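Only one structure is covered here, and it is reproduced in the block below.
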Amino acid sequence: MTNDALYYGLLGMLAIALLAAAFTDLRERRIGNRLNAAVALGAPVYWWAAGFSLWPEVALQIGFAVLVAAVLIGLWSLKFIGGGDIKLLGALALWITPWSYGTLLIVMALVGGLLTILIAAFHVAARRKGRPVIPYGVAIAAGGLWVLGIDMAGLTGV
């Protein structure tokens, strides 16, 4: 570990960014490009603070993020996921190891499913027309915060 204070400070800033993403997606049904860019641009500083070597650790993170982006763009083209969600998940792939990313996806799916049920029930109860819009940034943030919490507790590496 190169710099513990910087390392944990960056993880704290990532947690704040995830909370902001959840809040804005809940309120406005969008996740801003500036927020996603800040998350992505913070990753190289995080790599340095975490003591990542260029090969293979940084290369693995970049390759993994490219793979995640390719899969997510495919899902976006099928209208399964929104653009802000893709960008946030892609930016998180720069921070979170492939092994921990699986945990993020599981927590995201569970929270997203619960959120979908709750919003759909409210939609039906309020007798609204059309399809409800699910602020999936909330589920993404929950998954990301879960993984960050595990890392800060020292149970695994982000």
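The values are calculated or read from the model by the stated rules, or taken from the named source; none is laboratory data. Please read these numbers as outputs of a predicted model, since none were measured by experiment. Glycine also receives a Cβ, built like all others from the backbone with ideal geometry; neighbour counts cover every protein chain displayed.
Odds and ends about this structure:
- On the stretch given as segment 1-42, residues that are among the hydrophobic types (A, V, I, L, M, F, W, C), part of a loop (DSSP other than H, G, I, E, B) and under 15 Å from the mean Cα position of the chain (by Cα) total 1.
- Number of positions in segment 97-116 that are closer than 22 Å to Arg27 by Cβ and over 12 Å from the mean Cα position of the chain (by Cα): 6
- Test: residue in segment 80-90 that is free of Cβ contacts under 8 Å to residues at least 40 places away in the same chain and exposed (fewer than 13 other Cβ atoms within 10 Å of the Cβ): yes
- The residue that is farthest from Trp146 (Cα to Cα), counting only those in segment 91-118 that are of a type in the set (Val, Ile, Thr) and surrounded by fewer than 21 Cβ atoms within 10 Å (Cβ to Cβ), is Ile117.
- Exactly one residue out of Leu94, Leu148 is within 17 Å of the chain's Cα centre (by Cα) and at pLDDT 95 or above, and it is Leu94.
- Taking residues in segment 1-29 that are within 19 Å of Gly149 (Cα to Cα), and partners anywhere that are of a type in the set (Ser, Thr, Tyr), the pairs with Cβ atoms closer than 9 Å and at least 6 places apart or on different chains are Met1/Tyr7; Leu6/Tyr46; Tyr7/Tyr46; Leu10/Tyr46; Leu11/Tyr46; Leu14/Tyr46.
- Residues in segment 119-147 that are in contact (Cβ under 8 Å) with a residue 60 or more places away in the chain, part of a helix (DSSP H, G or I) and of a type outside the set (Gly, Ala, Ser): Val138, Ile140, Leu145.
- Residue check, Tyr7 buried (at least 16 other Cβ atoms within 10 Å of the Cβ), at pLDDT below 90 and among the hydroxyl-bearing types (Ser, Thr, Tyr): yes
- Candidates are the residues of segment 18-34 that are surrounded by 20 or more Cβ atoms within 10 Å (Cβ to Cβ) and not charged (D, E, K, R); the one that is nearest to Asp85 (Cα to Cα) is Ile31.
- Annotation for segment 47-58: no member residue is of a type in the set (Gly, Ala, Ser), surrounded by fewer than 20 Cβ atoms within 10 Å (Cβ to Cβ) and either in contact with a Lys or Arg (Cβ under 9 Å, 6 or more places away or on another chain) or within 16 Å of Ile140 (Cβ to Cβ) (or both).
- Failed item in (1) loosely packed, with under 14 Cβ neighbours inside 10 Å; (2) at pLDDT 90 or above; (3) of a type in the set (Gly, Ala, Ser), with Ser77 passing the rest: (2)
- Inter-residue pairs, beta-carbon under 7 Å, first closer than 15 Å to Gly9 by Cβ and in segment 38-50, second hydroxyl-bearing (Ser, Thr, Tyr) and assigned to a helix (DSSP H, G or I), 6+ apart: Ala49/Tyr7; Ala50/Tyr7
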